[in-house]
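Chemist: Once you've had a glance at the structure underneath, I'll fire off some questions.
The values are calculated or read from the model by the stated rules, or taken from the named source; none is laboratory data. This one's a predicted model, so the numbers in the text were calculated from it and none came from an experiment. Cβ placement follows ideal geometry from the backbone for every residue including glycine, while neighbour counts extend to all protein chains displayed.
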Amino acid sequence: MLAAIGVSSLQEVFERQIPEGVRLGRSLELPDGLGEQDVYEHLRELAARNTSVEDELSFLGAGMYDHYVPALIDMLTERSEFLTPYTPYQPEISQGGLQVMFEYQTAISELTALPVSNASVYEGPSAVAAAAYLAKLHNGRRRLVVSAGLHPHSIQTLRTNAHGYGMEVVEVPLTTGSAGGAQGVTDPDAWAQAIDEDTSAAIFAQPNFYGAVEDAAALSAAAKAGGEPVVICQVDPITLGILAPPGECGVDVAVGEGQSLGNRLDFGGPSFGLFAAREEYLRRIPGRIAGETVDVDGRRGFVLTLQTREQHIRREKATSNICTAQALNALAGVVYLSWLGRRGIVELGELLLARTHYARERLTALEGVEALHEQPVIRELAVRVDADVAAVRRRCIEQGVNPGVDLHALSARPEDEGGLLVAITERRSRADIDRLAEVLGAAVAAERGTAERGAQAPEPGADAPERGADAPERGAAVAI
């Protein structure tokens, strides 16, 4: 095999394919000659060094959230027929899996108010990139206009994919927030000016990365007036119980991260990406679409209706590779939505809205903490602390509270310096929020005090008299 592909060793295969910057460059730090039991104990000790959201009071978010996952989901997703399926090419032996996909698509369509959904894509950021490629296929244009309120990971993924598409990404700034910097909602004037006849897609998030609720209908209308691009909205599905669905706001394609729908925080994944669209984009949608039909005897059945961009259909011309058991995560999503029900998702949204408002009031009442913007928030809020955010986070974590995400560390934007993004889920009670306020307030005060003492301390040797003619020689006796 090595000779057939023209290499001399397996190592050479790795060296040709894996960039040097991401190679380990050394052997694993594992003692030689250990038995299986000893290796297990060693790895278990290493794993015990990790801290999970079960071990601390966590307000981390920014795309991945600590929601409660009901036992029902594990019971169903661990059934062997769901856990170990192959791609359902043969509908006659895949009716259960196909029905799961169909029911999932129906739920996402109802949630987004868009008629077509696939089942599904890999995660949120790649869903944004896939939607941008859909726009390119639809209108052949070369510019992608994106709001700075989109998640930084989604923008990075979009830029990476756009480079391969030969497309340009134009970023539209946000309005100025109450604490200074561009931390509000998408600037409507800049948004309208950026979109022209060469714009393939206009992309924004609802709510945006900073927790602010955007005027989705106004952004969609302005985009359509500027050149009729494909309007893409990255949504948070949990908030759709109380926010207007994208399909009712003029959005053409809705995408999003599905982790909050019954998927756990398992070391960053796996999760799944939502993807729903208007019917005119049906044949441009990536992944698979399951459909309902009847067999020759008139009985209800399910089939793979559409998979036009998949690798098993178009081979090397494929632009999508969603296959095998990716729908397992989507199964968790539809079970979760079914468990909540139509009323439950509204009640959950209302609960998050109330608790996020309470958290904002409690935190911004602290000295040295202010809101990053004054826009309505749900589930997530951004504040600015008058201290070193990394040091404040360390102090909080020492007290068993993870206060949230360092905005600047995630976005690398200068205007995010001092920003903290705090996520609220139904697992965070009012008492938990009070605890966060207590710990965060103490941490900010301590860091501000440290900074003030550092500023007041004299430079080494600053107060020492200059050595002159009257100065005693080193070692000479001096009266005190």
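Chemist: Restrict the check to region 330-338 and report whether at least one residue is in contact (Cβ under 8 Å) with a residue 40 or more places away in the chain, closer than 18 Å to Tyr68 by Cβ and surrounded by fewer than 18 Cβ atoms within 10 Å (Cβ to Cβ).
Modeler: yes
Chemist: With respect to Ile238, determine if the residue is in the same structural domain as Gly333 (by TED's automatic domain parsing), under 29 Å from Glu417 (Cα atoms), assigned to a strand (DSSP E or B) and not basic (Lys, Arg).
Modeler: Numbers: in the same structural domain as Gly333 (by TED's automatic domain parsing): yes; under 29 Å from Glu417 (Cα atoms): yes; assigned to a strand (DSSP E or B): no; not basic (Lys, Arg): yes.
No.
Chemist: Name the single residue that is modelled with the lowest pLDDT among those in region 86-99 being more than 17 Å from Asn118 (Cβ to Cβ) and in a loop (DSSP other than H, G, I, E, B).
Modeler: Tyr86
Chemist: Inspect all residues belonging to region 425-434 and state whether any of them is within 26 Å of Ala148 (Cα to Cα) and out of contact with any His (no Cβ under 7 Å at 6 or more places or on another chain).
Modeler: Applying the first criterion (within 26 Å of Ala148 (Cα to Cα)) to region 425-434 yields 425.
From what is left, the residues that are out of contact with any His (no Cβ under 7 Å at 6 or more places or on another chain) are none.
No, the conditions are met nowhere in region 425-434.
Chemist: Can we say Glu110 is in contact with a helix residue (DSSP H, G or I) (Cβ under 9 Å, 6 or more places away or on another chain), surrounded by fewer than 21 Cβ atoms within 10 Å (Cβ to Cβ), in the same structural domain as Met167 (by TED's automatic domain parsing) and outside any loop (DSSP other than H, G, I, E, B)? Before the answer, list the steps.
Modeler: Values: in contact with a helix residue (DSSP H, G or I) (Cβ under 9 Å, 6 or more places away or on another chain): yes; surrounded by fewer than 21 Cβ atoms within 10 Å (Cβ to Cβ): yes; in the same structural domain as Met167 (by TED's automatic domain parsing): yes; outside any loop (DSSP other than H, G, I, E, B): yes.
Yes, satisfied.
Chemist: Right, here's the next one. Considering only residues that are within 13 Å of Leu381 (Cα to Cα) and outside any helix (DSSP H, G or I), which ones fall in region 412-435?
Modeler: Here is the first cut: in region 412-435, the residues within 13 Å of Leu381 (Cα to Cα) are 419-425, 433.
If the condition is that a residue be within 13 Å of Leu381 (Cα to Cα) and outside any helix (DSSP H, G or I), then Gly419, Leu420, Leu421, Val422, Ala423, Ile424, Thr425 are the ones that fit.
Chemist: Assuming Arg448 fulfils every condition listed in (1) crowded, with 16+ Cβ neighbours inside 10 Å; (2) modelled with pLDDT under 95; (3) closer than 30 Å to Glu214 by Cβ apart from one, which condition is it?
Modeler: The single condition Arg448 does not satisfy is (3).
Chemist: Do we have any residue at all in region 119-130 that's among the aliphatic types (A, V, I, L, M), outside any helix (DSSP H, G or I), over 18 Å from Ser220 (Cβ atoms) and in contact with a helix residue (DSSP H, G or I) (Cβ under 9 Å, 6 or more places away or on another chain)?
Modeler: Going residue by residue through region 119-130, those that are among the aliphatic types (A, V, I, L, M) are 119, 121, 127-130.
Now restrict to residues that are outside any helix (DSSP H, G or I): 119, 121.
Okay, now just the ones that are also over 18 Å from Ser220 (Cβ atoms), so 119, 121.
This time we only want the ones that are in contact with a helix residue (DSSP H, G or I) (Cβ under 9 Å, 6 or more places away or on another chain), so: 119, 121.
Within region 119-130, one or more residues are among the aliphatic types (A, V, I, L, M), outside any helix (DSSP H, G or I), over 18 Å from Ser220 (Cβ atoms) and in contact with a helix residue (DSSP H, G or I) (Cβ under 9 Å, 6 or more places away or on another chain).
Matching residues to (1) in contact with a helix residue (DSSP H, G or I) (Cβ under 6 Å, 6 or more places away or on another chain); (2) among the aromatic types (Phe, Trp, Tyr); (3) modelled with pLDDT of 95 or more:
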| site | (1), (2), (3) |
| --- | --- |
| Val385 | yes, no, yes |
| Ala390 | no, no, yes |
| Ile397 | no, no, yes |
| Gly404 | no, no, yes |
| Leu407 | yes, no, yes |
| Glu415 | no, no, no |
